[in-house]
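Chemist: Dropping a structure here in structure tokens format, bear with me for questions.
The values are calculated or read from the model by the stated rules, or taken from the named source; none is laboratory data. On a predicted model such as this, the values are computed, not experimentally measured, just so you know. Every residue, glycine as well, gets a Cβ built from its backbone with ideal geometry; the counts of neighbours run over all protein chains shown.
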Amino acid sequence: MTTTVPAIIVDEPKGAFRQGTIETRDLRPDDVRIDIAYAGICHSDIHTVREEWGAAHFPLVTGHEIAGTVAAVGDAVTAYAVGDRVGVGCLVDSCGECELCLDDHENFCTKGSVGTYNAQGYDGEWTTGGYAQQVVVSERFVLRIPEGIELSEAAPLLCAGITTYTPLVRWGAGPGKKVAVVGMGGLGHMGVKIAAALGADVTVLSQSLSKEDDGRAFGAADYRATSDQQTFKDLRGAFDLIVCTVSADLPVDAYLRLLKPFGTFVMVGLPENDQSLNFGSLILGDKVLTGSNIGGIKGTQEMLDFCAEHGIGATVEVISADEVDAAYDKVVGSKVRYRYVIDTSTIAATS
């Protein structure tokens, strides 16, 4: 048995979106059915639809930044009730039994975690994401959205928030630490807000100074243009931690020289091309070059609670279902400040 749900669908790589319907499964004992209020547009959605990260499964419904309320629960569900404010991020299943799952790192499940969309579940069915009016998810992968965060501003936290929160916490951003955030887009603006709330001294490194006022309003103490080579001279050896949120080609060695000895450069963006590196940039200073990939469910809930405590939400532009194609192009052109969020009530059931 299935339930018919209005959704925003793309039928082929690089194709235009249409509004229609999809089928979601009926509730299993541990399932939660969520009425989606808002779905954020992540750049990962665009990479997937345009097959920039490999072949995708079509027809496709993207979206892994989901916020809404519980519509129904399975018989075995104990943590949630109808009407609860909830969200879903990048994952909807994992084995729950391997060492990594038991250590709250479901994103690295040894059996293979199941993505919210464009992923084949353990039952063989393909997952569909948040560009829809409902989604059905196992209770284990539902997050509670605390009061104090608007649902529209909470949706991007389920990806952009946890993607930046994880490395900032892991690598010790806090009082007495100088942190640089590379890029001021959907990920970067959350990195600035979270790093500042953690108590770090934050600098934004962006191509230009066009978003400087915003960056300072989000908590940055300094804002520098990477297009100005003087920036790399002035800030040499300045930072304990650099979190890079951009997916463009980078002069990695130049950024590593901005670190203090024992400093850490964390990559959360994913450039399409291989990047070059002179290992001397690491060895001369005992520096760390690493990556970071979202976070587990426990860490994501911790991030949501932290954001609620500090009054942090994403800075969003709410759009209707018929604006998604244009929004994709604007995201690629860096013309959004700072996350598009779809009002799913605007989805029509047919094209």
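Chemist: Check whether at least one residue in the stretch 221-236 is surrounded by fewer than 19 Cβ atoms within 10 Å (Cβ to Cβ), part of a loop (DSSP other than H, G, I, E, B) and on the phi > 0 side of the Ramachandran plot, and report yes or no.
Modeler: Scanning the stretch 221-236, I find no residue that is surrounded by fewer than 19 Cβ atoms within 10 Å (Cβ to Cβ), part of a loop (DSSP other than H, G, I, E, B) and on the phi > 0 side of the Ramachandran plot, so the answer is no.
Chemist: Something else about it: Report yes if some residue within the stretch 167-182 is out of contact with any Lys or Arg (no Cβ under 7 Å at 6 or more places or on another chain) and closer than 30 Å to residue 35 by Cβ; otherwise report no. Step through it out loud before you land on a result.
Modeler: First, pick out the residues of the stretch 167-182 that are out of contact with any Lys or Arg (no Cβ under 7 Å at 6 or more places or on another chain): 167-182.
Keeping just the survivors that are closer than 30 Å to residue 35 by Cβ gives none.
The answer is no, given that none of the residues of the stretch 167-182 is out of contact with any Lys or Arg (no Cβ under 7 Å at 6 or more places or on another chain) and closer than 30 Å to residue 35 by Cβ.
Chemist: Can you tell me which residues in the stretch 60-84 are out of contact with any Gly (no Cβ under 8 Å at 6 or more places or on another chain) and either under 26 Å from residue 15 (Cβ atoms) or not small (Gly, Ala, Ser) (or both)?
Modeler: Within the stretch 60-84, the first condition is being out of contact with any Gly (no Cβ under 8 Å at 6 or more places or on another chain), and the residues that meet it are 60, 71-84.
Scanning the stretch 60-84 gives 60, 73, 75, 77, 78, 80, 82, 84.
Chemist: Going through the stretch 1-26 one residue at a time, which ones are surrounded by 18 or more Cβ atoms within 10 Å (Cβ to Cβ) and farther than 26 Å from residue 326 by Cα?
Modeler: Within the stretch 1-26, 24 is the sole residue that qualifies.
Chemist: Also, quick follow-up: Can you tell me which residue is surrounded by the fewest Cβ atoms within 10 Å (Cβ to Cβ) among those in the stretch 297-337 that are of a type in the set (Gly, Ala, Ser) and either assigned to a helix (DSSP H, G or I) or free of Cβ contacts under 8 Å to residues at least 24 places away in the same chain (or both)?
Modeler: Within the stretch 297-337, the subset of a type in the set (Gly, Ala, Ser) is 299, 308, 311, 313-314, 320-321, 326-327, 333-334.
Filter once more, keeping what is either assigned to a helix (DSSP H, G or I) or free of Cβ contacts under 8 Å to residues at least 24 places away in the same chain (or both): 299, 308, 321, 326-327, 333.
Values: 299: 19, 308: 18, 321: 21, 326: 12, 327: 20, 333: 8.
Per the criteria, the residue is 333.
Chemist: Hey, another quick one. Of the residues 112, 63, only one is at pLDDT 95 or above, closer than 22 Å to residue 7 by Cβ and within 22 Å of the chain's Cα centre (by Cα); which?
Modeler: Values: 112 fails: closer than 22 Å to residue 7 by Cβ.
Of 112, 63, the one residue that is at pLDDT 95 or above, closer than 22 Å to residue 7 by Cβ and within 22 Å of the chain's Cα centre (by Cα) is 63.
Chemist: Only one of 342, 294 is assigned to a loop (DSSP other than H, G, I, E, B), modelled with pLDDT of 95 or more and not polar (S, T, N, Q). Can you tell me which? Talk me through it step by step, then tell me what you get.
Modeler: Details: 342 fails: assigned to a loop (DSSP other than H, G, I, E, B).
Residue meeting the stated conditions: 294.
Chemist: Additional query: Within the stretch 107-136, track down each residue that is among the charged types (D, E, K, R) and in contact (Cβ under 8 Å) with a residue 12 or more places away in the chain. Step through it out loud before you land on a result.
Modeler: Here is the first cut: in the stretch 107-136, the ones among the charged types (D, E, K, R) are 111, 123, 125.
111, 125, listed by residue number.
Chemist: Another one. Hey, residue 250 hits all of (1) in contact with a strand residue (DSSP E or B) (Cβ under 8 Å, 6 or more places away or on another chain); (2) assigned by TED's automatic domain parsing to the domain that holds residue 106 but one; which does it fall short on?
Modeler: Of (1) in contact with a strand residue (DSSP E or B) (Cβ under 8 Å, 6 or more places away or on another chain); (2) assigned by TED's automatic domain parsing to the domain that holds residue 106, only one is false for residue 250: (2).
Chemist: Here is a further query. For residue 304, indicate whether it is modelled with pLDDT under 95 and among the aliphatic types (A, V, I, L, M). Give the derivation first.
Modeler: Working: modelled with pLDDT under 95: no; among the aliphatic types (A, V, I, L, M): yes.
In short, no.
Chemist: Evaluate the stretch 246-254: report whether one residue or more is out of contact with any Cys (no Cβ under 6 Å at 6 or more places or on another chain), aliphatic (A, V, I, L, M), without any contact (Cβ under 8 Å) to a residue 24 or more places away in the chain and in a loop (DSSP other than H, G, I, E, B).
Modeler: Step one: of the stretch 246-254, the residues out of contact with any Cys (no Cβ under 6 Å at 6 or more places or on another chain) are 246-254.
Now restrict to residues that are aliphatic (A, V, I, L, M): 246, 248, 250, 252, 254.
Applying the additional criterion that residues be without any contact (Cβ under 8 Å) to a residue 24 or more places away in the chain yields 248, 254.
Retained after the next criterion (residues that are in a loop (DSSP other than H, G, I, E, B)): 248.
Yes, the stretch 246-254 has at least one match.
Chemist: Can I ask one more? Given the condition of a type in the set (Phe, Trp, Tyr), surrounded by fewer than 22 Cβ atoms within 10 Å (Cβ to Cβ) and modelled with pLDDT under 95, answer yes or no: does some residue in the stretch 49-60 qualify?
Modeler: Step one: filter the stretch 49-60 for residues of a type in the set (Phe, Trp, Tyr), giving 53, 58.
Then drop every residue that is not surrounded by fewer than 22 Cβ atoms within 10 Å (Cβ to Cβ), which leaves 53, 58.
Of the ones still in play, those that are also modelled with pLDDT under 95 are 53.
Yes; the residues of the stretch 49-60 include at least one that is of a type in the set (Phe, Trp, Tyr), surrounded by fewer than 22 Cβ atoms within 10 Å (Cβ to Cβ) and modelled with pLDDT under 95.
Chemist: Using beta carbons and a limit of 6 Å, which pairs, at least six apart or on different chains, have the first residue in the stretch 140-161 and within 15 Å of residue 70 (Cβ to Cβ) and the second one buried (at least 24 other Cβ atoms within 10 Å of the Cβ) and polar (S, T, N, Q)?
Modeler: The qualifying pairs are 143/300.
Chemist: Counting only residues that are free of Cβ contacts under 8 Å to residues at least 60 places away in the same chain, in contact with a helix residue (DSSP H, G or I) (Cβ under 8 Å, 6 or more places away or on another chain) and in the same structural domain as residue 139 (by TED's automatic domain parsing), give me the strands (runs of 3 or more DSSP E) lying completely in the stretch 18-106 with at least 2 of them.
Modeler: Values: elements: 31-40, 66-73, 85-88, 91-93.
Because the criterion is at least 2 residues that are free of Cβ contacts under 8 Å to residues at least 60 places away in the same chain, in contact with a helix residue (DSSP H, G or I) (Cβ under 8 Å, 6 or more places away or on another chain) and in the same structural domain as residue 139 (by TED's automatic domain parsing), the strands (runs of 3 or more DSSP E) in the stretch 18-106 that meet it are 91-93.
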